[in-house]
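Student: Quick one: the structure is below, questions incoming.
The values are calculated or read from the model by the stated rules, or taken from the named source; none is laboratory data. Keep in mind that what you see is a predicted model, and the values were worked out from it rather than measured. We place every Cβ from the backbone using ideal geometry, glycine too, and count neighbours over all the protein chains shown.
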Amino acid sequence: MDRAMLPSKAGPDANAPEMGAAAGTAAPLRVLLIDDGAHHISLINAELTRQGHLVVGVLDSALLIHDCVLRLQPDVVIVDSESPSRDTLEHLGTVSASCPRPVVVFSAAADAAPMQQALKAGVSAYVIDGLNPQRLLPVLQVAIARFEQDRALRGQLETAQAQLSERKVVERAKGILMAEIGLTEEQAFAHLRKLAMDRGQRLAQVAERVVAARDLLKPPA
């Protein structure tokens, strides 16, 4: 259950929080704390408050992390753990997949396996051997910077994949026009482009309609 919840105001986009503090600005961070057995949360809470950040919630476990991230809109999540359990890592992975946030794990254990599993679950920073209050801000800054870098790389990859998919459907539509009505490749492309302009649609959208029409009329095998 939630141990403490402070009043909060949800941000405009649960999936893309503004990370003003990532660039070293004076904007305070909204932080969600999770006590996963190490019992240093009060120290972390006090240090965050001293630095001017806002602790929007404290949880006794990661069980409710997904709902709390959606409701409280933290900029960053901090997990204080003896060693992250499989349940904790699974819940962090759910957050990473559906409403990603920078996540910092402070772990008392130096085992390699939990650290590797945590990084696979989307954890941005994994700090071994407890917390030094003086290191808290640099750790948060590194975690946020890594999160932003990873998000930018994912965006670039998704864009490249979408462009490749669109090129493939355009090529397929061109092939259909060439086979069905005897157009050259250049004529087929010009025809698709004209259809797109006339309809105010993207080239890939028109190509998808051509392919869908061919598939609809194609006799069963």
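Student: Out of the residues in region 33-51 that are in contact with a Leu (Cβ under 8 Å, 6 or more places away or on another chain), assigned to a helix (DSSP H, G or I) and not charged (D, E, K, R), state the one that is modelled with the lowest pLDDT. Please lay out each step first, then the result.
Tutor: Residues of region 33-51 in contact with a Leu (Cβ under 8 Å, 6 or more places away or on another chain): 33-35, 40-41, 43-45, 47-48, 51.
The next check asks that each one be assigned to a helix (DSSP H, G or I); those that pass are 41, 43-45, 47-48.
Right, trim to not charged (D, E, K, R) and you get 41, 43-45, 48.
Working: 41: 83, 43: 86, 44: 88, 45: 90, 48: 91.
Ranking the qualifying residues of region 33-51, first place goes to 41.
Student: Report yes if residue 93 is farther than 22 Å from residue 45 by Cβ, modelled with pLDDT under 85 and not charged (D, E, K, R), otherwise no.
Tutor: The answer is no for residue 93.
Student: Restricting region 118-139 to residues that are more than 17 Å from the chain's Cα centre (by Cα) and within 23 Å of residue 66 (Cα to Cα), which is surrounded by the most Cβ atoms within 10 Å (Cβ to Cβ)?
Tutor: Going through the qualifying residues, I end up with 126.
Student: Any idea how many residues of region 166-201 are over 17 Å from residue 213 (Cα atoms) and touching a His at 6+ places or on another chain (Cβ under 9 Å)?
Tutor: Qualifying residue count for the region: 1.
Student: Please state which of the following conditions residue 173 fails to meet, knowing it meets all the rest: (1) in contact with a strand residue (DSSP E or B) (Cβ under 9 Å, 6 or more places away or on another chain); (2) assigned by TED's automatic domain parsing to the domain that holds residue 213.
Tutor: (1)
Student: Please work out which residue is farthest from residue 147 (Cα to Cα), limiting yourself to region 86-103 and to residues that are surrounded by fewer than 16 Cβ atoms within 10 Å (Cβ to Cβ) and among the small types (Gly, Ala, Ser).
Tutor: 98
Student: Quick one: how many residues across region 158-207 are of a type in the set (Val, Ile, Thr) and over 37 Å from the mean Cα position of the chain (by Cα)?
Tutor: 3
Student: Can I ask one more? Residues of region 172-201 being among the charged types (D, E, K, R), at pLDDT 90 or above and surrounded by 12 or more Cβ atoms within 10 Å (Cβ to Cβ), which ones?
Tutor: Of everything in region 172-201, those that are among the charged types (D, E, K, R), at pLDDT 90 or above and surrounded by 12 or more Cβ atoms within 10 Å (Cβ to Cβ) turn out to be 172, 174, 185, 193.
Student: Looking at the structure I just gave you, is residue 30 under 15 Å from residue 75 (Cβ atoms), modelled with pLDDT of 70 or more and of a type in the set (Lys, Arg)? Walk me through it before giving the result.
Tutor: Numbers: under 15 Å from residue 75 (Cβ atoms): yes; modelled with pLDDT of 70 or more: yes; of a type in the set (Lys, Arg): yes.
Criteria met by residue 30.
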